[in-house]
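In what follows, a structure is listed as structure tokens, so that the remarks can point back to it.
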Amino acid sequence: MRPTVRMRSGRRFLSAVLLLSFIASGSAFAQSTSQAVYSAPKEAIDKIREEGLGKNSQVMQTLSYMTDVIGGRLTGSPNMKRANEWTRDTMIKWGMNGRLEAWGPFGRGWSLERFTAQVESPQLIPLIAYPKAWSPSTDGLVKSEAVLFEARTDADFDKYKGKLKGKIVFGTNVRPLKPIDKPLMQRLSDEELAKMANAPAPDPSADPFGIKPEQIKQFVEMINFQARKMRFIKSEGAALFVETSGGSGGTMFVQGASTGMELSPNTKSIEDFFTDPAFNPQNPAAADAMMPQLTVAAEDYNRIVRMIGFDQKPVLSVEIKANFSDKDQMSYNTIAEIPGSDPSLKDEIVMLGGHLDSWHSSTGATDNGAGCAVAMEAARIIIATGQKPRRTIRVALWSGEEQGLYGSAAFVKQHVGEKTGGNLVKGAEWDKISAYYNLDNGTGKIRGVYLQGNAAVKPIFAKWLEPFADLGAQTLTLANTGGTDHLSFDMVGVPGFQFIQDPVEYETRTHHSNQDNFDRIQAEDMKQAATIMAAFVYQTAMMDGKLPRKASK
């Protein structure tokens, strides 16, 4: 994910909005910053650097197996369960205690068994296209005319009555494409980092989600109109619904299918979206309302629509054969631990991780196989260098992040605590967890840390970054960042942090796209990130006290 609100699609917009954290004051904290700041001995950090940056690194090997061999890891799919088991078993081989923790029920699993799509006439045109996740299968190979469905209001549906049976329906008109006028690859500049470092602390009185009621209302209206549109097309007997993709130049962004169900009129908050079957294609309650759905690359989509405009009547052949797995509707997080060595501190925990689930049009390398491989490698580095952390170190690889932080939120609710009616109900591990460190902004190297408004940790993290200034990691910002699993911890008052990363191609090319593959990964950035994460986690596990916390809101 990414720490800003993205509006390429309704689902992405809602995910980002949901993931804006509850912001608390940084004026009070659990331990005095007048105490000396702990830092590990130089020889310990040197060992971590040598293991993580040198020829012993295994981060790329780990990521290659995860992405090239296992592949895309849609939550609830057989590939996701395979990834859970492989990451668990790999960390056990490294000397950790490993397990899977179930959460849910999530809903139906989905995987693609067969897919073809091309224009048959007036000439053969191979298409760049992908079914949407949880799309139903077509009725075998569909060979039919493509028709354009243009409707701005429900009244516009009438002109298509009796005209869609068996047809392949293109749901929108041409999407104009502009030339790419900026580099697709980006590193954070000194000016950008300085601006982040000078950002003020977040306003603790601000709306935690940053979205206004009228925006919720507009979004509900948009989703519900699309649902009525799809229901009409399905009721008319159309064989397939086709949408254009975001992106261009062969890069396309593909996510979940639309359910064809309307959101409840009582939808008043972001949380309401994610508990409504209308917004969750994996929910069995949505199955009967859905129809086969396809996303086509913008250039191919536009060409077909223009052909329709010339009355060429293009005929497509498409087959989607999808498998739904209903036997086990639970999903799983991978958990693995390095036991603590200090009798008085071993029950306390330092956590690190990323989300293991991905979308299905590629192999989920930058989102977020990279973060998971880095977290695993950080733990391996600590073991390989013979360090004996005083506290227990716990790696957590989440599922369900792409659907709304489901996996980490379920874990926090079960182990750490939850907010009910604005009040915090503490769980068994609320007092035991010192911090959770997350990596989930692609392949880019670490440039610093988002402090989530926690000013008390700034002198500690500044000291810990000193040995890595030569690797480009120096920036600390009080700014809040959203979009990923550290928020599940931050929301209940446990320190949760996301590292600042160079964007590289994350938002421009790989995020949720068919280009999110191993070849977009930068090896030296990955090694740097794993090394810094290992050093942060190790030092958090070694200091006498836990990291300071923000005051309760």
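The values are calculated or read from the model by the stated rules, or taken from the named source; none is laboratory data. What you are looking at is a predicted structure, and each value in this text was computed from that prediction instead of being measured. Here the Cβ is made from the backbone with ideal geometry for all residues, glycine too, and neighbour counts use every protein chain on show.
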- Query: Only one residue in Asp519, Asp525, Asp485, Asp544 is acidic (Asp, Glu) and crowded, with 24+ Cβ neighbours inside 10 Å. Which one?
  - Reply: Asp485
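Yes/no matrix, rows are residues, columns are (1) of a type in the set (Ser, Thr, Tyr); (2) surrounded by fewer than 17 Cβ atoms within 10 Å (Cβ to Cβ):
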site	(1), (2)
Gly52	no, no
Ser57	yes, no
Thr62	yes, no
Met66	no, no
Thr75	yes, no
Pro78	no, yes
Lys81	no, no
Glu85	no, yes
Asp89	no, yes
- Residues (over 26 Å from the mean Cα position of the chain (by Cα) and of a type outside the set (Lys, Arg)) located in segment 219-233: Phe225, Met230, Phe232, Ile233
- Note on segment 198-222: residues of a type outside the set (Gly, Ala, Ser), in a loop (DSSP other than H, G, I, E, B) and at pLDDT 90 or above are Asn198, Pro200
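Residue by residue, here is whether (1) among the aliphatic types (A, V, I, L, M); (2) more than 30 Å from Thr420 (Cα to Cα) holds:
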position	(1), (2)
Gly483	no, no
Ser488	no, no
Val492	yes, no
Gln498	no, no
Asp502	no, yes
Ser513	no, yes
Gln522	no, yes
Gln528	no, yes
Met533	yes, yes
- Task: Report whether or not Gln501 is assigned by TED's automatic domain parsing to the domain that holds Gln61, touching a helix residue (DSSP H, G or I) at 6+ places or on another chain (Cβ under 6 Å) and either crowded, with 21+ Cβ neighbours inside 10 Å or touching a residue at least 24 places away in the same chain (Cβ under 8 Å) (or both).
- Result: no
- Answer yes or no: is there a residue in segment 396-407 that is modelled with pLDDT of 95 or more and farther than 28 Å from Gln501 by Cα. no
- Of the listed residues (Glu337, Glu319), the one being surrounded by fewer than 24 Cβ atoms within 10 Å (Cβ to Cβ), in the same structural domain as Gly444 (by TED's automatic domain parsing) and assigned to a strand (DSSP E or B) is Glu337
- Query: For segment 149-187, how many residues are more than 15 Å from Ala239 (Cβ to Cβ) and not polar (S, T, N, Q)?
  - Reply: 24
- Query: Pick from Glu150, Glu113: which is closer than 30 Å to Thr275 by Cα, more than 19 Å from the chain's Cα centre (by Cα) and exposed (fewer than 15 other Cβ atoms within 10 Å of the Cβ)?
  - Reply: Glu113
- Message: Filter segment 457-484 down to the residues that are more than 27 Å from Arg49 (Cβ to Cβ) and touching a Gly at 6+ places or on another chain (Cβ under 7 Å) and list them by number.
- Response: Leu478, Asn480
- Exactly one of (1) out of contact with any helix residue (DSSP H, G or I) (no Cβ under 8 Å at 6 or more places or on another chain); (2) at pLDDT 95 or above; (3) charged (D, E, K, R) is unmet by Arg520. Its number? (1)
- Query: Quick one: which of Pro314, Pro277 is surrounded by 14 or more Cβ atoms within 10 Å (Cβ to Cβ), under 27 Å from the mean Cα position of the chain (by Cα) and not hydrophobic (A, V, I, L, M, F, W, C)?
  - Reply: Pro277
- Message: So Lys195 passes all but one of these: (1) outside any helix (DSSP H, G or I); (2) at pLDDT 95 or above. Which condition number does it fail?
- Response: (1)
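Let's see how each residue does on (1) crowded, with 18+ Cβ neighbours inside 10 Å; (2) within 15 Å of His511 (Cα to Cα); (3) modelled with pLDDT under 95:
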residue	(1), (2), (3)
Leu240	yes, no, no
Thr251	yes, yes, no
Ala257	yes, no, no
Glu262	yes, no, yes
Thr267	yes, no, yes
Ile270	yes, no, yes
- Across segment 300-316, which residue is farthest from Lys81 (Cα to Cα) among those that are of a type outside the set (A, V, I, L, M, F, W, C) and in a helix (DSSP H, G or I)? Gly309
- Note on the structure: Here the residues within segment 474-530 that are more than 30 Å from Ser361 (Cβ to Cβ) and of a type in the set (Val, Ile, Thr) are Thr475, Thr477, Val492, Val494
- Which one is farthest from Arg49 (Cα to Cα) among residues in segment 487-536 that are assigned to a loop (DSSP other than H, G, I, E, B) and out of contact with any Ser or Thr (no Cβ under 9 Å at 6 or more places or on another chain)? Val492
- Message: Quick check on my filter: what residues within segment 223-266 are assigned to a loop (DSSP other than H, G, I, E, B) and among the hydroxyl-bearing types (Ser, Thr, Tyr)?
- Response: Ser245, Ser248, Thr251, Ser258, Thr259, Ser264
